[in-house]
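Chemist: Pasting a structure below so you can have a look.
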Amino acid sequence: MKTLDQVKPGIGCTVVKLQGESSTKRRIMDMGITKGTDIFVVKVAPLGDPIELKVRGYDLSIRKSEAKLIEVE
């Protein structure tokens, strides 16, 4: 399964599953990233961290380590 850190800028995807510990998973869900949410990858920093996303109509930046916990299709 593909994770969010593998999605190239300019591509949209849909969240399939969240992984990780309950506290980390809860933090990601609090940011609006839940199963079935559409995400558009706006850009990635030159060194790969952070990743800028468009989620539910707002811009969000997350770390690459958090993006690895989000399975997408």
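The values are calculated or read from the model by the stated rules, or taken from the named source; none is laboratory data. This structure is a prediction, so every number in the text was calculated from the model and none was measured. Note: ideal-geometry Cβ built from the backbone for every residue, glycine included; neighbour counts use all protein chains shown. When the accessible area is computed, the model is the full protein with side chains, heavy atoms only, and any ligands, DNA or RNA have been set aside. Shrake-Rupley method; radii C 1.70, N 1.55, O 1.52, S 1.80 Å.
Chemist: Which members of the stretch 35-73 meet the condition of being in a loop (DSSP other than H, G, I, E, B), in contact (Cβ under 8 Å) with a residue 12 or more places away in the chain and more than 16 Å from LYS2 (Cα to Cα)?
Modeler: GLY48, ASP49, PRO50, ARG56, ARG63
Chemist: I'd like to know if the stretch 1-13 contains one or more residues that are part of a strand (DSSP E or B), of a type outside the set (Asp, Glu), open to solvent by 40 Å² or more (accessible area, probe 1.4 Å) and at pLDDT 95 or above.
Modeler: No, the stretch 1-13 has no match at all.
Chemist: Select from the stretch 1-25 the residues that are among the charged types (D, E, K, R) and under 16 Å from SER65 (Cβ atoms) and list them in ascending order.
Modeler: ASP5, GLU21, LYS25
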